[in-house]
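The values are calculated or read from the model by the stated rules, or taken from the named source; none is laboratory data. This one's a predicted model, so the numbers in the text were calculated from it and none came from an experiment. Because the Cβ atoms are built from the backbone with ideal geometry, glycine has one as well, and the counts that use them run over all protein chains shown. All accessible areas refer to the heavy atoms of the entire protein, side chains included, with ligands and DNA or RNA removed. Shrake-Rupley method; radii C 1.70, N 1.55, O 1.52, S 1.80 Å.
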Amino acid sequence: MPIYSEQTYRSRDGLKLYYRDYPGDMKKVPVLCLHGLTRNCRDFEALALKITPGRRVITPDFRGRGQSQYDSMWMNYHPMTYVDDMWSLLRELGIDRVIAIGTSLGGLVAMLMGAVRAQTFAGVVLNDIGPEVDPVGAARIRSYAGRFPPPRSWDEAVEQMKYVFDVALPDFTEQQWRDFVRLSYSEDETGSPRLEADPRIGDAIRAVVPPPGAAQGMWLAFNALRDTPTLAIRGALSDLLSVDVFDRMQREHPRLQRVTVENRGHVPQLDEPQCRAALDRFLAELP
């Protein structure tokens, strides 16, 4: 039997969007995994296989990533658009309650969803993301997103990934880098690697100027999860989630469970022993 089924659904504006559906115990609340800015659902394959068959796991590709359709209106590459897409997906599946695991951008999407309907979540995991983004990490991401030329070989793709993530993943072996690249790229008709993300995503994040009060709005979104079991994960080397914001998250959400992952920056891969142990404990406590 296949380990997951491949499905598509339509966004409200008509894009064909992709997700994987890993079967699991239908009596348990399913898990919805939300990936980072230029990532895709394959990032969660190892985690999904660990969670199933205890729970169903759904891993969508945001528009413009993976096997989801690219958006011709690149300004739609915005968190509120992804929030709307996720509501469409949950309606398509007939699911009214999930556990969200959100990495980076995916965590922002989860918080924004919770601000509207916190009751949707039986639990939330925020992987190296909080209501405020450190300007240092934000500037780093804006500097590279969508700007790399297509690599001419898999070795060149590895070098590009090392350039972006070397500081965050300092102990990766050469094989781990190659595995990581295979999660990020597909092979085109010539056998060359192609990053599975629309380059215009970078244009979108560089074009957006956060409006006054945006950070306060995200704190309100985070505070909407105060009655929701929440696990926050931070890479000890992170340049996107600062220690000060991580500590404030604990003060704002006294029952917040936290874990700091040594030797990881932005973002922990969720396969580290600390992450796996924390996720196992967290999921075991949920319906």
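Would you work out the charge dipole size for the chain about its Cα centre, treating the Cβ of every Lys and Arg as +1 and the Cβ of every Asp and Glu as -1, and quote it to the nearest 20 debye? Working shown, then result.
Values: 35 positive and 38 negative charges, 155 e Å.
Dipole of the chain, to the nearest 20 debye: 740 debye.
Counting other C-beta atoms within 10 Å, and keeping those with at most 16, which DSSP coil trypsin sites (Lys or Arg not before Pro) do you find in segment 122-199?
Values: sites: 140, 142, 147, 152, 162, 178, 182, 194; in loops: 147, 152.
Hits after loop and neighbour filter: 147, 152.
Per residue, how large is the accessible surface of the chain? Use a 1.4 angstrom probe and give square angstrom. List each step's numbers first, then the result.
Numbers: 12970 Å² over 287 residues.
Ligands and nucleic acids excluded, the result is 45 Å² per residue.
How much of the DSSP beta bridge set in the chain is antiparallel, as a percent to the nearest 5? Working shown, then result.
On the way: 14 of 35 bridges.
Just about 40 percent of them are antiparallel.
Give me the distance in nm between label points sitting 7 Å out from Cα along the Cα-to-Cβ direction at residue 280 and residue 12, one decimal.
Spacing of the two 7 Å Cα→Cβ label points: 4.1 nm.
The chain: longest stretch without exposed GluC sites (Glu not before Pro) (DSSP loop, at most 15 other Cβ within 10 Å), sites themselves excluded? Write down the numbers at each step before the final one.
Details: sites that count: 189, 262, 285.
Answer - 1-188.
Using a simple charge model, +1 on the beta-carbon of Lys and Arg, -1 on the beta-carbon of Asp and Glu, nothing else, what dipole does segment 9-56 show about its Cα centre, in debye to the nearest 20? Don't skip to the end; give the middle numbers.
Values: 11 positive and 5 negative charges, 22 e Å.
The dipole magnitude comes to about 100 debye.
When only C-alpha pairs under 8 Å and at least 6 residues apart count, what is the relative contact order of segment 65-130, in percent? Spell out each step's value before the answer.
On the way: 63 pairs, mean separation 21.4, N = 66.
Normalised by residue count, the contact order of segment 65-130 is 32 percent.
Counting only Cα atoms, I'd like the Rg/Rh figure for segment 1-47, Kirkwood definition for Rh.
Working: Rg = 12.3 Å, Rh = 12.5 Å.
Taking Rh as the inverse mean 1/r over Cα pairs, Rg/Rh reads 0.99.
Per the 1.4 Å probe, what fraction of the accessible area of the chain, in percent, lies on carbon and sulfur atoms?
On the way: 6990 of 12970 Å².
Heavy-atom surface of the chain belonging to carbon and sulfur, 1.4 Å probe: 54 percent.
Can you check how the C-alpha radius of gyration of the chain compares to 2.2 N^0.38 Å, as a plain ratio? Spell out each step's value before the answer.
Details: Rg = 17.8 Å, N = 287, 2.2 N^0.38 = 18.9 Å.
Normalised Cα radius of gyration, the chain: 0.94.
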